[in-house]
Amino acid sequence: MIAEKKCIPCQGGFPPLKSNEIRKLLIQLDKGWEVFKKKKIKKSYFFSKYNDAIIFSNRIADLAEQESHHPFIHINFKEVIIILFTHKINGLHENDFIIAAKCDLIFNS
C-alpha cells in the first residue's frame, strides 16, 4: 500500500515518471486525483466549515514537514486543493503519490 511508504529525498538527476508509471500509481489513490500538464497531480477536498478546511490544511502541512515533501495547498473558503509534483525533476515522482495517499488518509480520519 503506497500510503505505508515514506518519501525518499529527491536529489534530481533522474527523469520524471512516465505516463504508464503514473497510471499504475494513480489507481492506488482514492478517487478525485487527476493528472494535469502531464507533470502534476491535484485533488479538491470539500468541508462543511471553513475552520475544518484550515485544520485539514494544517495537518497536511505537518505531514509535509515529516516527509520533507511539500505540496501546494490552496484554501478557498471550504475547499482545499492539493497540488503535488517534484520540483527538482519538474514532474512526478513516487513521493508525490505517497503524499497524495496520506492526504486521503488524513481526510478520511
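When the pairs K42/K102; K5/K37; K5/K88; K31/K88; K38/K78; K18/K42 are compared against a 22 Å limit on Cα-Cα distance, K5/K37; K31/K88; K38/K78 fall above it. With neighbour counts taken as other beta-carbon atoms within 10 Å, the residues F36, F97 rank, fewest first, as F36, F97. In plain terms, the residue of L105, L29, L92 with the fewest other Cβ atoms within 10 Å comes first and the most crowded comes last, giving L105, L29, L92. Within the listed set I89, I98, I41, the residue fluctuating most in the Gaussian network model of the chain (springs between alpha-carbon atoms under 10 angstrom) is I89.
A short reminder: the numbers here are calculations on the coordinates, not readings from a lab. All of these numbers come straight from a predicted model, not from anything done at the bench. As a convention, Cβ positions derive from the backbone with ideal geometry for all residues, glycine included, and neighbour counts pool all protein chains shown.
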